[in-house]
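One structure is given below, encoded as structure tokens.
The values are calculated or read from the model by the stated rules, or taken from the named source; none is laboratory data. The structure presented is a predicted model; accordingly, all values stated were derived computationally and were not measured. Positions of Cβ are generated from backbone atoms using ideal geometry, with glycine treated the same way; all protein chains shown enter the neighbour counts. Quick note on the areas: whole protein, heavy atoms, side chains included, nothing else; ligands and nucleic acids left out. Shrake-Rupley method; radii C 1.70, N 1.55, O 1.52, S 1.80 Å.
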Amino acid sequence: MSKADEIFVKNMKDIMENGVWDTDLPVRPKWSDGTPAHTVKKFGIVNRYDLSKEFPILTIRKTYFKSCVDELLWIWQKKSNNIKDLKSKIWNQWADENGSIGKAYGYQLGVKHIYREGEFDQVDRVLFDLKNNPSSRRIMTNIYNFADLHEMNLYPCAYSMTFNVSGDTLNGILNQRSNDMLTANNWNVVQYAILMIMFAQVSGLKVGELVHVIADAHIYDRHIPMVEEIIKEKQFTAPKLEVDTSITNFYDFTVDSFKLVDYKCNDKKFDIPVAE
């Protein structure tokens with residue numbers, strides 16, 4: 001059993017058994033046929049992943065690792081808000097005719113700000129502090145920019161990271177306002193685990209814990225039967241992650257810099273509808 005499987009199953013059972021339904025409330029999301037997309041949810045789920053012990057990818061359901069990393073690099077390395085820079089089609093429904101998702105995600109990370117030490121965007125400021133001021137308690141990013149929300153085609157779900165160095169170990173907290181648990185939970189965990197590993201490596205640090213804080217952890221009504229089936233699937237041992245350790249520059253990482261070794265998982269595919 002992988003730790004990621006254990007946490008995922010526990011979360012899903014808790015939400016389905018003890019969660020609160022919003023069926024008596026008006027909701028924004030709708031299914032493609034126009035039906036309101038209702039959810040059952042738990043408030044304030046906190047999960048901890050020790051990245052020094054195990055890479056947190058599901059085995060009870062396949063997580064598409066390469067696509068995960070590609071989207072992560074699109075946001076954090078390319079700092080792009082255009083789907084033409086992304087290989088997968090996961091953002092297509094939120095893009096305009098030019099491919100833009102507005103002033104969201106990567107756009108926010110690429111905006112430069114003035115500090116006492118100079119001008120940096122949010123990513124480069126993290127890199128600067130990890131190398132030059134690792135004891136700082138101000139190493140963080142935030143892409144939920146209220147001034148630009150009206151120009152975002154989708155408000156950020158995973159919106160902030162707080163990085164903290166303890167001794168020679170990098171830890172981080174991912175804050176997420178909303179998480180579609182079936183569609184995106186492990187996707188986000190895998191991405192930010194990779195981000196932590198990247199930052200640690202180029203800063204000469206060891207990687208430690210990723211703490212995932214979810215304000216609204218929900219399962220959509222039409223996802224319930226699939227969740228019930230998935231959590232009963234056979235569980236495998238977590239795979240090993242191999243990283244190109246020769247890389248010392250954050251911007252030199254590519255999708256091929258990472259490799260999962262012995263990733264065994266259940267390959268059954270599910271046609272998972274996405275609410276809009």
At R0 = 45 Å the Cβ-Cβ FRET efficiency linking Thr169 and Asp33, nearest 0.05, sits at 0.40
Segment 43-80 residues near the modelled Asn18 label - backbone nitrogen below 14 Å, point 7 Å along Cα→Cβ = 43-47
Going from most exposed to least, what order do Met1, Met226 have by accessible area with a 1.4 Å probe?
-> Met1, Met226
Treating cross-link reach as a plain straight distance, find the aspartates and glutamates whose alpha-carbon is under 16 Å from the alpha-carbon of Lys240, omitting any fewer than eight places away in the same chain.
-> Asp5, Asp50, Glu54, Asp256, Asp262
Please list, or write none, the aspartates and glutamates whose alpha carbon is within less than 18 Å of the alpha carbon of Lys103, excluding same-chain residues fewer than 8 places away.
-> Glu71, Asp85, Asp121, Asp148, Glu151
Distance check, please: which entries in Lys42/Lys259; Lys41/Lys62; Lys79/Lys232; Lys10/Lys53; Lys87/Lys268; Lys41/Lys268 exceed 28 angstrom between their Cα atoms?
-> Lys42/Lys259; Lys79/Lys232
Apply the Debye scattering formula to segment 104-191, with a single equal point scatterer on each alpha-carbon and no solvent, then give log10 I(q)/I(0) at q = 0.11, 0.12, 0.20, 0.23 Å⁻¹.
-> -0.36, -0.42, -1.04, -1.21
Quick one: net charge around Trp21, please, counting Lys, Arg +1 and Asp, Glu -1 for every other residue with C-beta under 10 Å from its C-beta.
-> -2
For segment 1-105, the accessible surface attributable to carbon and sulfur atoms (probe 1.4 angstrom, ligands and nucleic acids excluded) amounts in percent to 50 percent
Averaging sequence separations of C-alpha pairs under 8 Å and six or more residues apart, then dividing by the length of segment 92-230, give the relative contact order as a whole percent.
-> 20 percent
From the square roots a ≥ b ≥ c of the eigenvalues of the alpha-carbon gyration tensor of segment 24-86, which class results: rounded (a/c under 1.5), prolate (a/b over b/c), or oblate?
-> oblate
Over 20 Å between Cα atoms, which of Lys66/Lys89; Lys30/Lys269; Lys131/Lys206 qualify?
-> Lys30/Lys269
Please say if segment 1-158 is rounded, prolate or oblate, where rounded means a/c under 1.5 for a ≥ b ≥ c the square roots of the C-alpha gyration tensor eigenvalues, and otherwise the choice is prolate for a/b larger than b/c and oblate otherwise?
-> oblate
Probe 1.4 Å, heavy atoms of protein chains only: per residue, the accessible area of the chain in Å² is 50 Å²
Please express the shape of the chain as an equivalent ellipsoid: the semi-axes are the square roots of 5 times the eigenvalues of the C-alpha gyration tensor, given largest first in whole angstrom.
-> 29, 24, 18
Helix-derived [θ] at 222 nm for the chain: sum -39500 (n - 2.57) over DSSP H runs of at least 4, divide by residue count, nearest 500?
-> -8000 deg cm²/dmol
Tensor-based shape of segment 102-255 (alpha-carbon gyration tensor, a/c under 1.5 rounded, otherwise prolate or oblate) | oblate
